[in-house]
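The values are calculated or read from the model by the stated rules, or taken from the named source; none is laboratory data. Note that the structure is a prediction, hence the values are computed from the model and not measured. Here Cβ is always computed from backbone atoms with ideal geometry, including for glycine, and neighbour counts include all displayed protein chains.
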Amino acid sequence: MNYHDIREGIRSALATIPAIQSGSPLQGKVWWEWTAPSDAEKPWLEMAFDGELPSPNAGHCALHMQLEVLVFGEVGGYHTIDPIADAVVTLLHHQNITTALGNIICPEYIRDSRFDAYVDQLKASIIRLKFLIPLPFTP
């Protein structure tokens, strides 16, 4: 499995969300988790893989990669980033994403995984979203 290809495919898809396309960088404000500059223009997204979960079927079916997407916005501005978080779920949940190498991935939003947080160093409110990405079984 080419994780770089999957990572770039997801990042490219997230960069198409209109609220994330504006500002700088022009290709979309999507960074790997905890790499956005502290002075980045809000809102922005960060994403990371959280590891693989073994299949409940004794390992003979797909594995699931966990994906975390963080939506950053102004302090106390959850009402302004809620629509962006909703757009992330709409964009990714049960939607086929074709990567540059032709891999097709179909993330699944983990219901009830959404929660609000705050990071003092960045002076940012955050909404966290979690997804599972079924991966093909490779013996």
Is it the case that some residue within the stretch 109-130 is modelled with pLDDT under 90 and under 15 Å from GLY9 (Cβ atoms)? no
Of the residues ILE97, ILE110, which is in contact with a Lys or Arg (Cβ under 8 Å, 6 or more places away or on another chain) and either farther than 23 Å from THR35 by Cα or among the basic types (Lys, Arg) (or both)? ILE110
Quick check: anything in the stretch 11-19 at pLDDT 90 or above, farther than 16 Å from LEU132 by Cα and polar (S, T, N, Q)? yes
Considering every residue within the stretch 113-129, establish whether at least one is among the small types (Gly, Ala, Ser) and surrounded by fewer than 16 Cβ atoms within 10 Å (Cβ to Cβ). yes
Restricting attention to the stretch 37-52, does a residue exist that is crowded, with 19+ Cβ neighbours inside 10 Å, modelled with pLDDT of 95 or more, assigned to a helix (DSSP H, G or I) and out of contact with any helix residue (DSSP H, G or I) (no Cβ under 6 Å at 6 or more places or on another chain)? no
Taking the stretch 66-91 on its own, how many of its residues are surrounded by 14 or more Cβ atoms within 10 Å (Cβ to Cβ), of a type in the set (A, V, I, L, M) and at pLDDT below 95? 1
I need a count of the residues in the stretch 71-109 that are part of a loop (DSSP other than H, G, I, E, B) and hydrophobic (A, V, I, L, M, F, W, C). 4
With criteria (1) exposed (fewer than 14 other Cβ atoms within 10 Å of the Cβ); (2) within 18 Å of ALA124 (Cβ to Cβ); (3) at pLDDT 90 or above, TRP31 comes up short on (1)
ALA62: surrounded by 11 or more Cβ atoms within 10 Å (Cβ to Cβ) and either at pLDDT 90 or above or touching a helix residue (DSSP H, G or I) at 6+ places or on another chain (Cβ under 6 Å) (or both), yes or no? no
